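The values are calculated or read from the model by the stated rules, or taken from the named source; none is laboratory data. What you see is a predicted model, and the numbers here were worked out from it, not measured in a lab. All Cβ positions, glycine included, derive from the backbone under ideal geometry; neighbour counts span all protein chains shown. Side chains included, ligands, DNA and RNA excluded: accessible areas come from the protein's heavy atoms. Shrake-Rupley method; radii C 1.70, N 1.55, O 1.52, S 1.80 Å.
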Amino acid sequence: MSNNNNDEFWMRHALTLAQRAWDEGEVPVGAVLVLGDRVVGEGWNRPIGHHDPTAHAEIMALRQGGQALENYRLIDTTLYVTLEPCVMCAGAMVHSRIGRVVFGARDEKTGAAGSLMDVLGHPGMNHQVQIMEGVLATECAGMLSDFFRMRREQKKALRKALNQ
């Protein structure tokens, strides 16, 4: 499988994990950590359900990967995530020494892989993570847009019901 096809394959897996977040009422972001051709960690956003502001999809996948590999250094792994990582997640990626992050949709408001800032490639960091962006970007961004549209419609319907 070519690298591009491989990236799309794993991003589709991340999208199925994002759907789990949606189903739990969380912002639909999914992440899968891969070493070679093997999943070593996966996660989806769960900060609301876990009452944990750090329970982002990427953090959940990195935690599983550390347990599976019995090491906090996740060298030579690739993390596939449906949305550009935030500062917290990007910092965790640097500290874990992942080799590469592949993301779908850019996050102009909080993205730390080039949109708002570039934590992953900052020359002052002791490790730089390779970045590949835009893999299945339309599908990834579409899921997020659909989720937030649904949430706005639910709030509007609730306000209307309360005002009757």
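Within segment 36-54, which residues are open to solvent by less than 50 Å² (accessible area, probe 1.4 Å) and either touching a residue at least 12 places away in the same chain (Cβ under 8 Å) or polar (S, T, N, Q) (or both)?
V40, G41, E42, G43, W44, N45, P47, T54
Give just the number: which of (1) part of a loop (DSSP other than H, G, I, E, B); (2) out of contact with any helix residue (DSSP H, G or I) (no Cβ under 8 Å at 6 or more places or on another chain); (3) under 20 Å from R20 (Cα atoms) does K109 not satisfy?
Among (1) part of a loop (DSSP other than H, G, I, E, B); (2) out of contact with any helix residue (DSSP H, G or I) (no Cβ under 8 Å at 6 or more places or on another chain); (3) under 20 Å from R20 (Cα atoms), the lone unmet condition for K109 is (3).
Just give me the residues in segment 141-154 being buried (at least 16 other Cβ atoms within 10 Å of the Cβ), in contact with a Pro (Cβ under 9 Å, 6 or more places away or on another chain) and not aromatic (F, W, Y), in sequence order.
Scanning segment 141-154 gives M143, L144.
What are the pairs with Cβ atoms under 6 angstrom where one residue, in segment 77-91, is under 18 Å from E26 (Cα atoms) and the other, located anywhere, is open to solvent by less than 10 Å² (accessible area, probe 1.4 Å) and of a type in the set (F, W, Y)? Sequence gap at least six, or different chains.
Note: pairs meeting the criteria are V81/F103; E84/F103.
How many of the residues in segment 77-103 are farther than 13 Å from M11 by Cα, of a type outside the set (D, E, K, R), in contact with a strand residue (DSSP E or B) (Cβ under 7 Å, 6 or more places away or on another chain) and open to solvent by 10 Å² or more (accessible area, probe 1.4 Å)?
Selection size over segment 77-103: 1.
Collect the residues in segment 13-28 that are assigned to a helix (DSSP H, G or I), out of contact with any Ser or Thr (no Cβ under 7 Å at 6 or more places or on another chain) and open to solvent by less than 10 Å² (accessible area, probe 1.4 Å), keeping them in residue-number order.
L17, A21
Return yes or no: is A68 outside any loop (DSSP other than H, G, I, E, B), touching a strand residue (DSSP E or B) at 6+ places or on another chain (Cβ under 6 Å), open to solvent by 30 Å² or more (accessible area, probe 1.4 Å) and not β-branched (V, I, T)?
So A68 passes the test.
For segment 107-164, enumerate the residues that are within 20 Å of H95 (Cβ to Cβ) and charged (D, E, K, R).
Hit for segment 107-164 is D118, nothing else.
Looking only at segment 112-150, filter to residues that are in a loop (DSSP other than H, G, I, E, B) and either touching a strand residue (DSSP E or B) at 6+ places or on another chain (Cβ under 6 Å) or among the hydroxyl-bearing types (S, T, Y) (or both); which one of those is nearest to V102 (Cα to Cα)?
V135
Can you say whether G124 is surrounded by fewer than 12 Cβ atoms within 10 Å (Cβ to Cβ) and free of Cβ contacts under 8 Å to residues at least 12 places away in the same chain, as far as the supplied structure shows?
Taking the combined requirement at face value, the residue satisfies it.
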